[in-house]
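Asks: Here's a structure for you.
The values are calculated or read from the model by the stated rules, or taken from the named source; none is laboratory data. Because the structure is a prediction, the values reported are computed rather than measured. Neighbour counts run over all protein chains shown; Cβ positions are idealised from the backbone, glycine included. For the accessible areas, the whole protein counts, side chains as well, though only heavy atoms, and no ligand, DNA or RNA atoms are used. Shrake-Rupley method; radii C 1.70, N 1.55, O 1.52, S 1.80 Å.
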Amino acid sequence: MSGTGEKVSATTKTPADFLKSIRGRPVVVKLNSGVDYRGILACLDGYMNIAMEQTEEYVNGQLKNKYGDAFIRGNNVLYISTTKRTLGEGA
Amino acid sequence: MGSEEESAVKEPLDLIRLSLDERIYVKLRHDRELRGKLHAYDQHLNMILGDVEEIVTSVEIDDETYEEIVRVCLNFMDFLLLLFSFKFLFIIFIHEHIRE
């Protein structure tokens with residue numbers, strides 16, 4: 001717990017700015033249930049409803065399913081994070 | 001990708017709008033899944049589905065052998081009004097758009 005968070009990108013000032021900046025990027029969405037969804041973030045709204053493309057479902061870190069487009073209702077979302085991992089290797 | 005349909009998705013609910021009259025896959029909590037044709041929805045994601053297949057999966061552990069027993073129960077319904085509640089509605093996959 002050292003530092004004061006100075007490394008946060010200069011373009012990201014508020015959570016809303018972050019959400020705007022990550023559209024079209026590969027993301028990991030973790031739900032309250034602990035299940036991860038990885039895919040390309042198509043769009044999201046103020047309720048944290050999320051539309052994703054090339055969605056992959058990970059349970060306990062293991063790939064369980066692949067879907068095309070997915071809609072996640074915002075109340076289930078614990079966090080959204082960007083990922084460096086390249087997606088769609090199997091596509 | 002980059003089709004006309006996708007450019008029409010400006011907010012997440014557009015994805016649902018584009019799925020009207022298509023078969024969708026809804027994943028609910030407690031290992032319940034629904035597949036059906038989306039007839040109507042509202043902003044809360046209450047939905048009316050037609051020609052519905054409900055899949056309920058439960059895993060029990062045998063007391064003696066500790067084996068996992070997976071039970072799958074299938075229900076079929078002509079019409080279903082799915083009311084949103086925090087307990088149930090989970091995630092929706094647009095079935096028709098599934099890519100290999």
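Asks: Sort B:PHE84, A:PHE71, A:PHE18 by heavy-atom solvent-accessible area, probe 1.4 angstrom, most to least.
Replies: Numbers: B:PHE84 40, A:PHE71 0, A:PHE18 65 Å².
From most accessible down to least: A:PHE18, B:PHE84, A:PHE71.
Asks: Sequence-distant or interchain residues sharing an amide H contact under 5 Å with B:ASN46, placed H: which?
Replies: B:PHE84
Asks: Just subtract the alpha-carbon distance of B:ASP31 and B:ARG17 from 0.36 nm times their residue separation and send over the number in nm, one decimal.
Replies: Details: separation 14, 0.36 × 14 = 5.04 nm, distance 2.54 nm.
Length gained between B:ASP31 and B:ARG17: 2.5 nm.
Asks: Further, regarding this structure: May I ask for the equivalent-ellipsoid semi-axes of segment A:13-73, computed as the square root of five times each C-alpha gyration tensor eigenvalue and listed largest first in whole Å?
Replies: Numbers: eigenvalues 82, 30, 20 Å².
Semi-axes, largest first: 20, 12, 10 Å.
Asks: Then there's this: Would you mind telling me the share, in percent, of accessible area of segment B:6-51 contributed by carbon and sulfur at probe 1.4 angstrom?
Replies: Values: 1000 of 2200 Å².
Looking at segment B:6-51 in its full context, I get 45 percent from C and S.
Asks: Please arrange A:THR82, B:THR65 by accessible surface area, largest first, computed with a 1.4 Å probe and ligands excluded. Let's see the in-between values first.
Replies: On the way: A:THR82 55, B:THR65 75 Å².
Most to least solvent-accessible, the answer reads B:THR65, A:THR82.
Asks: At a probe of 1.4 Å, how much accessible area disappears from chains B and A on forming the pair, both sides counted, to the nearest 100 Å²? Before the final figure, lay out each step's value.
Replies: Values: alone 7430 and 6300 Å², together 11610 Å².
For B against A, buried area totals roughly 2100 Å².
Asks: Local charge sum around A:ASN49 (other residues, Cβ-Cβ under 11 Å, Lys/Arg +1, Asp/Glu -1)?
Replies: On the way: positive: A:ARG73; negative: A:ASP45, B:GLU11, B:ASP14.
Neighbour charge sum, excluding A:ASN49 itself: -2.
Asks: Per-residue Cβ counts within 10 Å, from other chains only, averaged over A:48-61: what number is that? Could you put the intermediate results ahead of the total?
Replies: Values: counts 1, 7, 3, 11, 4, 6, 2, 4, 0, 3, 0, 0, 0, 0.
Partner Cβ neighbours, averaged per residue: 3.
Asks: Using a 10 Å cut-off around each Cβ of peptide A:34-44, what is the average number of partner chain Cβ atoms that fall inside? Mind showing how you got there, number by number?
Replies: Details: counts 0, 3, 0, 1, 0, 0, 1, 0, 7, 7, 2.
Taking the mean over all residues of the peptide, I get 2.
Asks: What distance in nm lies between label points placed 7 Å from Cα along the C-beta direction at B:VAL59 and A:LYS64?
Replies: 0.8 nm
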